[in-house]
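The values are calculated or read from the model by the stated rules, or taken from the named source; none is laboratory data. None of these values were measured; they are calculated from a predicted model. Cβ placement follows ideal geometry from the backbone for every residue including glycine, while neighbour counts extend to all protein chains displayed. Ligands, DNA and RNA are stripped out before the accessible areas are found, and what is left, the full protein with its side chains, is counted by its heavy atoms. Shrake-Rupley method; radii C 1.70, N 1.55, O 1.52, S 1.80 Å.
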Amino acid sequence: LNWYDEPEWQLKDCVNGLALSCDRIVALDGAYKRFPNGKPKSPAAQVNAIRRAADKHKIECLILQPDHLWEGQLEKRTYLMNIAAIGSDWIATVDADHIIVRCDKEQLDEELKELDFDCVDVTYYTPKNRKTKKTASGLWHRQQAGTTESLMHLFRALPQIRLEHHHYWYSAIKDEKRVWMWTDPGNNKYPILPHYELQVEYRIEHRCLFREQKQILANRAFCGDRETIVKETGQEDHCDWIPIVHDYKRIPR
């Protein structure tokens, strides 16, 4: 669970959903350097909300809070994936607005035990909001409203998982070689591992259009700034020389 300064009710919903499929939760806090008014730690009430929800379901929960801002999404998500991989067979990745609403854990475990694949796609649904134009942080969120698609969610805990260039490009080591677990089509820097479409029912609601105004505006400004960075550097982190511009009105791509 990658989170920073989210409503307590949303964190609770997220953890309740994780209880349907997971044995353990690793929650990593902290803002990125270029996030509007970001701080290393979220309020204590949010930590308590995560822990109370995990305790309710009797799930082991490790909550990590840094003492510094993250360089960006690549650094934070890479750190999180490697901590989550310790002692794990599989890693399920979520943000606070990803709510697992359907999963039979026993059937899920049985199917995963038989797999030769390392990358598993599940069903994502983005619920509509009648105020979508106002609640979308980005154009992509607006376009996703009311749609269902298959996206990668379950990663086998391979060694040295890391994110490269973009916050959704994951690589790892398999058979002593670096491979892509998730990347854009046509990216041939490394071999790309095949994906498996999960057969048991597993459904995630991406409630990005139901976030509170504070989170919507901050994410909009961050994503707009990220567009500039990617355009100039081809990647998302390590760009301290580029001036930060936070536009809370423009809808980024």
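See the values below:
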item: Cβ-defined net charge surrounding Ala54, 12 Å radius [Lys, Arg +1; Asp, Glu -1]; result: +3
item: Cα centroid separation - region 46-81 against region 118-192, whole Å; result: 20 Å
item: For Asp104, solvent-accessible area (1.4 Å; no DNA, RNA or ligand), Å²; result: 70 Å²
item: Share, in percent, of DSSP beta bridges within the chain that are antiparallel, nearest 5; result: 60 percent
item: Calculated on alpha-carbon atoms, Rg and Dmax of region 25-175 in Å; result: 16.8, 49
item: Nonlocal amide H pairs with Lys174, under 5 Å, H built at 1.01 Å; result: Val179
item: Long-range amide H partners of Leu198 with built H, under 5 Å; result: Asp121
item: Longest segment of the chain lacking chymotrypsin sites (Phe, Trp or Tyr not before Pro) that sit in a DSSP loop with at most 12 other Cβ atoms within 10 Å; result: 1-240
item: Size of electric dipole in region 102-179: Cβ of Lys, Arg +1 and of Asp, Glu -1, about Cα centre, debye, nearest 20; result: 980 debye
item: Flagged links, alpha-carbon separation over 20 Å, of Lys41/Lys249; Lys134/Lys249; Lys12/Lys56; Lys214/Lys249; result: Lys41/Lys249
item: With at most 10 other Cβ atoms within 10 Å, longest stretch of the chain clear of loop GluC sites (Glu not before Pro) (DSSP); result: 1-113
item: Within straight-line cross-link reach of Lys177, lysines at Cα separation under 24 Å, skipping those fewer than 8 residues along the same chain; result: Lys76, Lys113, Lys189
item: ³J(HN,Hα) computed for each position of region 187-201 - Karplus, 6.51 cos²θ - 1.76 cosθ + 1.60, integer Hz, glycine/proline x; result: 7, 9, 4, 10, x, 9, 6, x, 9, 10, 8, 4, 8, 6, 5
item: For region 6-12, 3J(HN,Hα) per residue [Karplus equation, 6.51 cos²θ - 1.76 cosθ + 1.60, θ = phi - 60°, Hz, x = Gly/Pro]; result: 10, x, 4, 5, 6, 5, 4
item: Trypsin sites (Lys or Arg not before Pro) within region 176-239, DSSP loop, no more than 14 other Cβ atoms inside 10 Å; result: Lys189
item: Rounded to whole Hz, the Karplus (6.51, -1.76, 1.60) HN-Hα couplings of region 218-227, x for glycine and proline; result: 5, 5, 4, 5, 5, 5, x, 5, 4, 4
item: Calculated diffusion of region 1-87, Stokes-Einstein form, Kirkwood radius summed over Cα pairs, 10 °C and 1.306 mPa s, µm²/s; result: 121 µm²/s
item: Dipole magnitude (debye, nearest 20) for the chain, charges at Cβ of Lys, Arg, Asp, Glu; result: 1280 debye
item: Anchor Lys105: aspartates and glutamates whose Cα lies under 15 Å away (excluding residues fewer than 8 positions away in-chain); result: Asp23, Asp89, Glu114, Glu201
